[in-house]
Structure formats: C-alpha cells, structure tokens
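Worksheet for the structure shown next.
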Amino acid sequence: MRVMKHRKGQFIIIAVLMIAIMMISLGGVLYSAVTYYKRERWEEYLGIIDHVKIGCSRLVEIGLANYTLTLNNTILRDNLIQWQSDLKKVYPGYGIILNFSLTEGLHPVYGENITYNLGLASRWYSNSSFSAAKVTFTMNITSVGLTGYEFTASAFLRVKLLEAVYIDSKEKTWTILLTVDREELMPVTNLQKASLSVSLDNQSKDFSFSRYYNSTYNSFVYQLICSGIQSPPTSTMVIVTDSRGIKVTANKPPV
C-alpha cells in the first residue's frame, strides 16, 4: 500500500513538472509570436510614415518649381490638397489623415528675410536672389492610434552674383562669378551650362562655363565668361534652374 502511494506521488510530481515545462514553452512561443507581430507591424507603419514624408518633401519641391515657372501661388496648395486625397486611396484601411499648414508672413531663413504667401516665396532681380517654399505637416494614423505626428518640408534655392567684371582685352570679355546654394546652405555643385542663361542689357549672350572652388570667397563658384563685348553692359541677368526645376533670376549692376 505504501508502495502504491509512493508511485502515485511520483506520478503527480512528474505530471506537474511536464505541465510546467509545457506552459513555459508555450509562453515562450506566444511571446515570440506577439513581439514578432508587433515588430513587423510597426516596421510597416514606420515605412508608411517615411513614404509620406518623402512624398511631402517632393511635392513641396515640385510646387516651388511650378511656382517659379508660372508665378501661380496657389499651385502648391492645390497639389497638397490632391495629395491628401491620394493618400487615402494608396493606403485604404489605415486611417491616414494628413493636414498641412502653409507658412505665412516674414521669416528669417539662412540670413535672408523671407515673406511667404501660401507657403511660397521669392526675391528675384537682385544680387542675392532666391526661391523658397515651406510647409508644416501633421499626420495621424488612426488604425494604430498615432496622432499629431508633425514634420516640416522645405525647398530653397539661392543665387548670389559675386562679380561682374569687364576686361578690355583683345577678346573684350565680361566675366561673371556666382554661387548657388540650396537648403541648409549646401552648395549646388552639379549645374551644367544648360542650367544657366545670361542676358546683358536684355540681350541673351553665349558664354563659356567653368566651376571651381574659389579661396577668395571660400566657396564653390561658377564662372561665366561672355566674349566679344564691346563695352561694359549696364545690366547683367543670370537665370539658374537646378535639377529639381526650381528657378531663380539674379541681377547685378557692373562694378
């Protein structure tokens, strides 16, 4: 009888141990599944957020480029309204709500006082000329309870005419030095000759083209040389269009 009780006790202990082992194993499997699911889902949402931010930045650039070509200051707003609608179609069921605020009024940016109208701004026909756009976005993804995620997208292009010098030599040249920079004052170093045009006294002129680092100005400089100029022009105009299609027109009187 005592033997039976002893064996019965051993069986109960073994059974409890087995159940405990199964519960621990099952818990590990469930934890791995849940954490994997969460990780995968959040990676998906982070990917969506990145895509939306990239799309917003690109639309701000496109809006500024179209504005500099047409001077239609509602074009950025109209494109963003369409983008709001398109996002719901691209990501159905996610509950994506994108709101935007177009920058208005005077703002100091990169040492320039910029007056925005519907998120767009420009100052042309001066030594330091620029085109700019800035929009603040707020994004919600209701399917995961994400609300109030805010970010800003901006675009900027500035042209500075540094020198316009006449050299009365055999070739009679008019030499123009200029710098071009974009957001965060990053120098634009990939412009080609086709990206620029020169007018002297309101007449289009051909020019030779070179680019190099200029230690005098401590900057990357474009040099444009017009030959066969019989006398110093009274006005110099340079139009620059970068790879995004954003345009700036700068003017400089002769030195």
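The values are calculated or read from the model by the stated rules, or taken from the named source; none is laboratory data. Note that the structure is predicted; figures quoted are calculated from it, not measured. Heads up, the Cβs are rebuilt from the backbone with ideal geometry, glycines too, and the neighbour counts pull from every protein chain shown.
Checking each residue in region 184-206 for being part of a helix (DSSP H, G or I) and either at pLDDT below 95 or assigned by TED's automatic domain parsing to the domain that holds A132 (or both) picks out E184, L185. Looking only at residues of region 140-165 that are modelled with pLDDT of 95 or more and of a type in the set (S, T, N, Q), we find that the one that is surrounded by the most Cβ atoms within 10 Å (Cβ to Cβ) is S154. Which residues, counting only those in region 219-231, are crowded, with 18+ Cβ neighbours inside 10 Å and either assigned to a loop (DSSP other than H, G, I, E, B) or within 27 Å of the chain's Cα centre (by Cα) (or both)? V221, Y222, I229, listed by residue number. Selection within region 193-218: residues that are among the polar types (S, T, N, Q) and free of Cβ contacts under 8 Å to residues at least 12 places away in the same chain. The member of this set that is surrounded by the most Cβ atoms within 10 Å (Cβ to Cβ) is S204.
For I81, indicate whether it is at pLDDT 90 or above, under 27 Å from L157 (Cβ atoms) and surrounded by fewer than 15 Cβ atoms within 10 Å (Cβ to Cβ). So I81 passes the test.
Condition first: within 25 Å of the chain's Cα centre (by Cα), not in a strand (DSSP E or B) and not assigned by TED's automatic domain parsing to the domain that holds I81. Can you find one or more residues in region 156-177 that meet it? No, that holds for no residue.
Looking at S101, S122, can you tell me which residue is surrounded by 15 or more Cβ atoms within 10 Å (Cβ to Cβ), farther than 23 Å from S143 by Cα and of a type in the set (S, T, Y)? Among S101, S122, only S122 is surrounded by 15 or more Cβ atoms within 10 Å (Cβ to Cβ), farther than 23 Å from S143 by Cα and of a type in the set (S, T, Y). The set of residues in region 78-106 that are part of a helix (DSSP H, G or I) and in contact with a helix residue (DSSP H, G or I) (Cβ under 8 Å, 6 or more places away or on another chain) comprises N79, L80, W83, L87.
The set of residues in region 132-155 that are in contact (Cβ under 8 Å) with a residue 12 or more places away in the chain, of a type in the set (G, A, S) and not in a strand (DSSP E or B) contains only S143. Read through the list (1) buried (at least 17 other Cβ atoms within 10 Å of the Cβ); (2) farther than 14 Å from M237 by Cα, then give the number of the only condition that D168 fails. D168 satisfies all of (1) buried (at least 17 other Cβ atoms within 10 Å of the Cβ); (2) farther than 14 Å from M237 by Cα except (1). Taking region 42-73 as the range and being exposed (fewer than 12 other Cβ atoms within 10 Å of the Cβ) and either touching a Pro at 6+ places or on another chain (Cβ under 7 Å) or within 23 Å of G119 (Cα to Cα) (or both) as the test, the residues that pass are D50, I54, T70, L71.
Kindly indicate which of L17, L76, L26, L46 is hydrophobic (A, V, I, L, M, F, W, C), at pLDDT 85 or above and not assigned by TED's automatic domain parsing to the domain that holds I246.
From the options L17, L76, L26, L46, the qualifying one is L76.
Could you grab me the full set of residues in region 56-72 that are within 19 Å of T152 (Cα to Cα) and touching a Gly at 6+ places or on another chain (Cβ under 9 Å)? Answer for region 56-72, where residues must be within 19 Å of T152 (Cα to Cα) and touching a Gly at 6+ places or on another chain (Cβ under 9 Å): V60, E61, I62, G63, L64, A65.
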